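Have a look at the structure below, then the notes.
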Amino acid sequence: MLHLKNISFHYGEKPILQNISFDVMARDTLGILGPNGGGKSTLMKIIAGLLKPSSGDIFFDSFFNVNKDLSYIPQSNELNTIFPLKVTEFLTISLLNKKLTSDEINHALNLSGVAHKKDSLLQELSGGERQRVLIARSILESPKILLLDEPTKGLDGQGIDQLLKILKELKEKQNTAIIIIDHNINEVVRFCDKILCLNKTYHWHDHSELLTKNILEDIYHCEFEHLKLHEGGKHNHHDHIFCQHDHDHSHDPKAVNPKKHKYLFKK
Amino acid sequence: MENFLLSIQDFFQYEFLLYAFIATLLLALTCALISPLIIARKNSFIGAAISHSTLLGLAIALSITQAENDFLVLFITVMITTLLTSFLAISKTDKTPDDSKLGIFYTSTMALGILIYSLGSHQKNNLINFLFGNILLLNLNDLWISLGIFLFTFTTILIPLKHWLFVTIDPIGAEARRYKLKKYQLFFYLLMTLVIVTSVKLAGTILIETMLLTPGFFALNFARSIKQTFIYSILFALITAPLGLILANYFSLPSGATLAVVQFSLLMLSFLLKFLSQKIRV
Ligand SMILES: Nc1ncnc2c1ncn2[C@@H]1O[C@H](COP(=O)(O)OP(=O)(O)O)[C@@H](O)[C@H]1O
Ligand SMILES: [Mg+2]
């Protein structure tokens, strides 16, 4: 459905992404991991059409309509809330090409847990509540591809659970392909079939089970404790990741392995 | 008081006053329609820059022609300088905030305008008329122009209002749905420019800024929905515009300045009432 061929991107002289290629099919779930400044948001903006790649091709299958089949929740959504706008009004204005019934709107707001705020003004919602409104909007869009850039940021524990449930439903009932960037590594790895690790160079995994602690540590340049990957099939819901030095390595070219790694695993 | 009421009759006795009345109403309505959008899109400063950069165009026009009788020359020279400002406003600079370069540009064009005017102009007192408005210059043509701009604004802003709201409230979301944000922005600047330039006789290109900002400012402070916002904005304009004009006529004051002061006073009054009503409730 979505195809990237040798996508590169640089801001001025500074290379951010180099030769990235992958395909995303319906029902795929792709998790993108990597340290801050690794280029994750940049890649997602390219897919969303907000940035043009410096070189390489990005294209969609012919049945795909970029005007409405793609839904994107950006990393920092600064909605302009100067206008007094009710949550429901915001949803209808955002989705002009869809005739939404109020039942559908209520249902989506229910799933994302902000049904009680539907008549509130957007300007009077908290950051987390706005994030939930955007999640509701993505549900209403019933996209073929859903892009989420750190969607759990600002959500409470219950919100994260609700989000994961929504994503599973979208995938199973509507065959939505989901691309998610998030720092809840345990959750992401458990949820996704495919993993892309980004830190200037990139690592691609067709099966998230094949992602190892070593690869992650290599990508993040730090050691993880409490990392529960699929090894041994044991999952632990409540583990967190402690990264001792989550800093930007981009100024230190030697810190980044200059060789390009590309691990492609087949079943 | 009787005199005051009699003075209102003037508007039906003298043709040019009637034109002024209708044209002012139309201009006020046009401003009220775009005012909330100007404020929400944070274009107030760009509006000010555009209206001040008219000075250069006016100065050029006044030094090559008797501009009063030559609206076309006036229109063209002013359009050129203001369009330069609009284009500058949408061009991105990497390192410095956009408002800084606009500030430099429009004050410099004003300085240049003053130089040209003092060197070249034939009638030294004309510039004031155009910067601050003089309804004595109005004729039937101006009325048609006001009507045209109003209808143009109505069809391009009010009818597709939901699209304007979407690109204003969620520009990133709109861009991801392939809205051409740059086009919306450029169009909006052009529309502001057009309104500012055609206001030249009624309110003056500088005082029009008050008419462009106060209705929306009032509305956004009191409204609790989109519909209310636009209704309040329009009501505000429809009350203040005739009042300003009647007062200007009665006291023989410049129309643009009177209108601006009336609008500002009503705005202050509304905030005072809001403040008092909150005090009483507590
Ligand atoms: N507008 C910009 N101009 C220059 N560099 C930028 C810009 N936006 C992002 N960058 C750089 O691009 C790199 C990748 O950013 P981003 O994709 O946001 O990283 P992340 O993986 O944290 O989402 C960072 O090093 C950042 O400094
Ligand atoms: Mg990011």
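Quick one: would you say B:Ala59 is under 19 Å from B:Ile208 (Cβ atoms) and either modelled with pLDDT of 85 or more or surrounded by 19 or more Cβ atoms within 10 Å (Cβ to Cβ) (or both)? Steps first, answer last, please.
Details: under 19 Å from B:Ile208 (Cβ atoms): yes; either modelled with pLDDT of 85 or more or surrounded by 19 or more Cβ atoms within 10 Å (Cβ to Cβ) (or both): yes.
The answer is yes for B:Ala59.
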Of all residues in the range B:198-213, how many are in contact with a Leu (Cβ under 9 Å, 6 or more places away or on another chain) and open to solvent by 10 Å² or more (accessible area, probe 1.4 Å)?
6
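Just for the range A:134-154: of the residues that are under 14 Å from A:Ser76 (Cα atoms) and part of a loop (DSSP other than H, G, I, E, B), which one is nearest to ligand 2 (Cβ to nearest atom)? Talk me through it step by step, then tell me what you get.
If we filter the range A:134-154 for residues that are under 14 Å from A:Ser76 (Cα atoms), which is where we start, we get A:134-135, A:147-154.
Then drop every residue that is not part of a loop (DSSP other than H, G, I, E, B), which leaves A:150-154.
Details: A:Glu150: 6, A:Pro151: 12, A:Thr152: 13, A:Lys153: 10, A:Gly154: 14 Å.
Only one residue tops the list, namely A:Glu150.
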Single residue of B:Ala61, B:Ala89 found to be of a type in the set (Gly, Ala, Ser), farther than 30 Å from B:Ile172 by Cα and out of contact with any Cys (no Cβ under 6 Å at 6 or more places or on another chain)
B:Ala61
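It is to be established whether one or more residues within the range B:109-116 are within 14 Å of chain A (Cβ to nearest Cβ) and over 24 Å from B:Ser233 (Cα atoms).
So the first thing to find is which residues in the range B:109-116 are within 14 Å of chain A (Cβ to nearest Cβ), and the list is none.
Taking every residue of the range B:109-116 in turn, none turns out to be within 14 Å of chain A (Cβ to nearest Cβ) and over 24 Å from B:Ser233 (Cα atoms).
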Residue within the range A:6-26 that is over 26 Å from A:Gly154 (Cβ atoms), touching a Gly at 6+ places or on another chain (Cβ under 7 Å), β-branched (Val, Ile, Thr) and within 16 Å of ligand 1 (Cβ to nearest atom) present
yes
Pick from the range A:76-89, criterion more than 7 Å from chain B (Cβ to nearest Cβ) and modelled with pLDDT of 90 or more, ranking: farthest from B:Asp170 (Cα to Cα):
A:Thr88
So, in the range B:212-233, exactly how many residues are more than 9 Å from chain A (Cβ to nearest Cβ) and either touching a residue at least 60 places away in the same chain (Cβ under 8 Å) or acidic (Asp, Glu) (or both)?
9
Just a yes or no: is a residue in the range A:139-152 buried (at least 16 other Cβ atoms within 10 Å of the Cβ), in contact with a Phe, Trp or Tyr (Cβ under 8 Å, 6 or more places away or on another chain), within 26 Å of B:Ile159 (Cα to Cα) and modelled with pLDDT under 95?
no
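The rows are residues; the columns are (1) modelled with pLDDT under 90; (2) away from ligand 2 (no atom under 14 Å from the Cβ).
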position	(1), (2)
A:Phe9	no, no
A:Lys14	yes, yes
A:Gln18	yes, yes
A:Ala26	no, yes
A:Thr29	no, yes
A:Met44	no, no
A:Ile47	no, no
A:Leu50	no, no
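The values are calculated or read from the model by the stated rules, or taken from the named source; none is laboratory data. What you see is a predicted model; the values in this text were computed from it and never measured. Virtual Cβ from ideal backbone geometry, glycine too; neighbours counted across all protein chains shown. Note: areas computed on protein heavy atoms with side chains; ligands, DNA, RNA excluded. Shrake-Rupley method; radii C 1.70, N 1.55, O 1.52, S 1.80 Å.
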